[in-house]
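Report on the structure given below.
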Amino acid sequence: KQEVTQIPAALSVPEGENLVLNCSFTDSAIYNLQWFRQDPGKGLTSLLLIQSSQREQTSGRLNASLDKSSGRSTLYIAASQPGDSATYLCAPEETSGSRLTFGEGTQLTVNP
Amino acid sequence: EPEVTQTPSHQVTQMGQEVILRCVPISNHLYFYWYRQILGQKVEFLVSFYNNEISEKSEIFDDQFSVERPDGSNFTLKIRSTKLEDSAMYFCASSEFMGGELFFGEGSRLTVL
């Protein structure tokens, strides 16, 4: 059974800092991995999807890397802004291409 | 921009009542999902649906749950006899193809009293 761990659980930084969120998963036989953000009481917004054959994916100030063999992914946020404050969730997808398994998330607060 | 829409946004029901949660996936998407999130806990997979049948379901998705695509646009989750522990936010999601990016709706909050 896939288990996903995200570190740190919470992070508070001043505006403008670059930061790294970590995700580890126990079963490396994944199809892909997706990063989401969740604002309080809201749905999940997709940020990046990395296919299992890819090493990294970039979108604007976000860069996600994937080391499938070691069961790790990182989300790098450059020049953080208060609007980045949210919970960030990592979710690998099983080889069936069907089920996402979510971590507890990293709650990010960016202070102006 | 296309989005997944869910109704109702919040439903309060009595224990033992039937509840139907509705979702309109993105129009050209073929794979549909339900996930739930109990307050303060992880998002959990319930069921995936493709080609008018369930492709995969979790251990949570017992006989009290069912899904249906009654027409070309709606995707529903039915809970036959609600329990207190069914109180959660239920998220619908869709993807264009297997292994593709999942797009989630804003969720339906279910409160069982």
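Before moving on, here are some points about what is shown:
- Converting phi to 3J(HN,Hα) with the Karplus coefficients 6.51, -1.76 and 1.60 and the offset θ = phi - 60°, segment A:47-57 yields 9, 8, 10, 10, 6, 4, 8, 9, 9, 7, 8 Hz in sequence order, with x at every glycine or proline.
- Contact surface A-B: accessible area buried, both sides summed, square angstrom, 1.4 angstrom probe: 1900 Å²
- Charged-residue dipole, Cβ positions (Lys, Arg, Asp, Glu), chain A about Cα centre, Debye nearest 20: 160 debye
- Mean sequence separation of contacting Cα pairs (under 8 Å, at least six apart), scaled by the length of chain B, corresponds to a relative contact order of 39 percent.
- Under the Karplus curve 6.51 cos²θ - 1.76 cosθ + 1.60, θ = phi - 60°, whole-Hz ³J(HN,Hα) for segment B:25-31, x wherever Gly or Pro sits: x, 5, 4, 9, 7, 10, 10
- Relative contact order of chain A, defined on C-alpha pairs under 8 angstrom at six or more residues apart (%): 37 percent
- Among the GluC sites (Glu not before Pro) in segment B:16-99, those located in a DSSP loop and surrounded by at most 12 other Cβ atoms within 10 Å of their own Cβ are B:Glu18, B:Glu59.
- Threshold 40 Å² - residues in segment A:93-112 whose accessible area is reduced by that much or more when the chain is no longer isolated, probe 1.4 Å: A:Ser98, A:Arg99, A:Leu100, A:Phe102, A:Glu104
- For segment B:53-113 and segment A:64-100, distance of Cα centres in Å: 23 Å
- Of the accessible area of segment B:2-113, computed with a 1.4 Å probe over protein heavy atoms only, carbon and sulfur atoms account for 48 percent.
- Counting only Cβ charges, +1 for Lys and Arg and -1 for Asp and Glu, the dipole size of the protein assembly as shown around its Cα centre is about 140 debye.
- Loop-resident sites, segment A:1-78, for GluC sites (Glu not before Pro), counting at most 12 other Cβ within 10 Å (DSSP): A:Glu3
- Comparing mean-square fluctuations of A:Asn18, A:Asn63, A:Asn32 from a GNM of chain A with C-alpha springs under 10 Å, the top value falls on A:Asn18.
- Longest site-free stretch - chain A; sites: trypsin sites (Lys or Arg not before Pro), DSSP loop, at most 15 other Cβ within 10 Å: A:62-112
- Cα-Cα over 22 Å, subset of A:Lys1/B:Lys42; A:Lys1/B:Lys78; A:Lys42/A:Lys68: A:Lys1/B:Lys78; A:Lys42/A:Lys68
- Karplus 3J(HN,Hα) series, Hz, for segment A:27-34 with 6.51 cos²θ - 1.76 cosθ + 1.60 (x for Gly, Pro): 10, 7, 7, 9, 8, 6, 9, 10
- Applying a DSSP loop filter and a limit of 14 other Cβ atoms within 10 Å to the chymotrypsin sites (Phe, Trp or Tyr not before Pro) in segment B:48-113 leaves B:Phe97.
The values are calculated or read from the model by the stated rules, or taken from the named source; none is laboratory data. If you're wondering where the values come from, they're calculated on a predicted model, not measured in any experiment. With ideal geometry, Cβ positions are generated from the backbone for all residues, glycine too; neighbour counts draw on all protein chains shown. Just so you know, the surface numbers come from the protein's heavy atoms only, side chains and all, with ligands and any DNA or RNA stripped out. Shrake-Rupley method; radii C 1.70, N 1.55, O 1.52, S 1.80 Å.
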